[in-house]
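Q: I have a structure here, written as structure tokens, and I will follow up with some questions on it.
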Amino acid sequence: MKEFLSQNGVPYTEKMVDMDRAAAIEMVRRSGQRGVPVTVIGDQVIVGFDRPRLERVIAQMRARPAASTGKPGRKPLGAKVADASRYTMPGGTAVQGAYVGGVNPGSPAEAAGLRAGDVITAVGGTPVGSVDDLTAALGKLGTGPVELTVARGSTTRTVTATL
């Protein structure tokens with residue numbers, strides 16, 4: 001494991017998952033993926049090298065108040081998410097949205113009942129086709145309850161998270 005400071009002044013830790021079994025297990029737990037690279041920035045999980053998205057997420061993180069993911073006073077959702085553009089539910093139904101790879105203990109996501117393996121398909125009735133859509137939809141909200149439409153297994157349900 002090596003710690004670096006990027007050219008953008010963002011500190012990061014590099015983990016060699018091919019040589020570090022614990023790091024490999026953590027990567028799969030956080031992202032739900034076995035492919036590399038996996039980049040985790042806050043609650044965002046980016047699988048593969050997607051420079052434009054990495055730059056957007058870094059810019060969003062810099063623009064946010066510390067310990068928040070949106071408007072001041074709002075709690076972050078607390079779900080580790082990745083794009084679910086190719087996720088197929090049991091039964092063969094394809095779903096687009098934000099795949100939940102993990103849920104932070106004590107977070108609004110955990111209180112709402114989100115689980116690893118869920119796919120968030122809408123926020124407050126607005127369709128979510130990617131992590132960027134989820135981030136944008138949550139960024140428009142203030143504090144309080146928000147309804148999330150979630151695909152789980154072969155069903156779709158609505159849960160309420162309080163941000």
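The values are calculated or read from the model by the stated rules, or taken from the named source; none is laboratory data. Please read all numbers here as calculations on a predicted model, not as lab measurements. Note that each Cβ is placed from the backbone with ideal geometry, even for glycine, and that neighbours are counted across all protein chains shown. For accessibility, only protein heavy atoms count, side chains too; no ligands or nucleic acids. Shrake-Rupley method; radii C 1.70, N 1.55, O 1.52, S 1.80 Å.
Q: Using a 1.4 Å probe and counting only protein heavy atoms, arrange Val28, Val81 so the residue with the most accessible area comes first.
A: Listed by decreasing accessible area, they come as Val28, Val81.
Q: Take the Cα atoms of the range 118-163, find their three principal axes, and give me the spread along each one in whole Å, biggest first.
A: Here the Cα extents, ordered largest to smallest, are 31, 20, 14 Å.
Q: Amide H of Asp118 versus every other amide H placed in the peptide plane: which residues, excluding those fewer than 5 positions away on the same chain, fall under 5 Å?
A: Val100
Q: Rank by packing, highest mean first: peptides 130-143, 14-27, with packing defined as the count of other Cβ atoms within 10 Å averaged across residues.
A: 130-143, 14-27
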